[in-house]
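Following: one structure in structure tokens, then a few remarks.
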Amino acid sequence: MEIHSTSEPRRSSHRGSSSRVRGSHHGRTRLIQILGVALALSLLINLLLAIALGSYVRKAGLLSGVSASLRLQLTDITEQADSKTERIKTLDSEIKELTLKRLPGLIGLIYDEVIKVDKHYVKNIVFTRTGKKSAHFYEYKVVLENSESALQPALKVILFNRNGVQVGMSELSKDAEHGGILRLDQDEVRSHYAIVQLPDKVEPEYFQVILL
């Protein structure tokens with residue numbers, strides 16, 4: 001009877017130890033599962049971030065390539081424009097040189113600026129656009145200064161285009177009825193005004209003063 005009474009507690013202790021072992025094993029298994037799920041989520045998030053980063057890098061590369069291409073095109077267009085501008089300047093200079101060689105007496109026409117002439121009693125002249133743009137009126141004021149004996153001034157102001165072709169003319173005649181100046185005394189300074197109307201779309205670039 002005593003033997004049976006002493007073995008029963010041992011069985012109870014053994015069953016309690018087994019329960020604790022099974023509970024500990026179940027807890028570790030649960031923890032491993034949780035950690036596995038967390039690891040899987042972490043890998044998934046990292047994968048999504050890698051995909052997004054790769055997409056951004058590709059788009060950035062494409063945009064960089066497009067930007068570089070546009071910069072090259074802009075540089076090429078700018079160089080072509082500069083080249084054409086220089087070519088136009090060169091052609092203008094060549095045309096001007098040829099025109100002045102063919103007609104050496106021409107003077108460049110600049111508006112609203114005193115242009116020195118110094119041709120006998122003609123001291124200087126000023127040209128001004130006047131009226132409406134479509135009318136093509138050009139006004140000039142010529143300053144006469146006589147340092148010699150008295151005389152009757154008479155002259156022509158002839159206008160030329162860039163190619164040296166005559167496009168207009170104004171005359172200060174000896175006829176007083178047509179606006180002529182009868183007398184210019186010694187040391188006298190006088191001004192003469194006149195208006196020249198040119199054909200449509202004609203722009204004078206040179207002029208010449210001829211004494212009559």
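Among residues other than residue 183 whose Cβ falls under 12 Å from its Cβ, what is the net charge (Lys/Arg +1, Asp/Glu -1)? It works out to a net charge of 0. Placing a label point 7 Å from the Cα of residue 130 along the Cα-to-Cβ line, the residues of segment 194-212 whose backbone N sits under 14 Å from it are 194-198. Note on residue 76 and residue 52: their simple-model spin labels are 3.9 nm apart, each label 7 Å out from Cα toward Cβ. Note on 129, 30: ascending count of other Cβ atoms within 10 Å places them as 30, 129, the fewest first. The lysines whose alpha-carbon is closer than 16 Å to the alpha-carbon of residue 119, local same-chain residues fewer than 8 away aside, are 141, 156.
Using the average count of surrounding beta-carbon atoms within 10 Å as a protection proxy, the listed peptides 72-82, 107-117 rank, highest first, as 107-117, 72-82.
A simple rule links phi to the HN-Hα coupling: the Karplus curve 6.51 cos²θ - 1.76 cosθ + 1.60 with θ = phi - 60°, which for segment 65-76 gives x, 5, 4, 4, 5, 5, 4, 5, 4, 5, 4, 5 Hz, with x for Gly and Pro.
Taken along the Cα-to-beta-carbon direction at a fixed 7 Å, the label points for residue 173 and residue 93 span 4.5 nm.
Extension gain, residue 111 to residue 197: 0.36 nm times the residue separation minus the Cα-Cα distance gives 29.4 nm.
Partner aspartates and glutamates whose Cα lies under 20 Å from the Cα of residue 84, excluding those fewer than 8 positions away in the same chain, are identified as 76, 92, 94, 97.
Where a number appears in this text, it was derived from the coordinates with a stated rule and is not lab data. Everything numeric in this text was worked out from a predicted model, so none of it was measured. Counting neighbours? That spans all protein chains shown, and the Cβs are built from the backbone with ideal geometry, glycine included.
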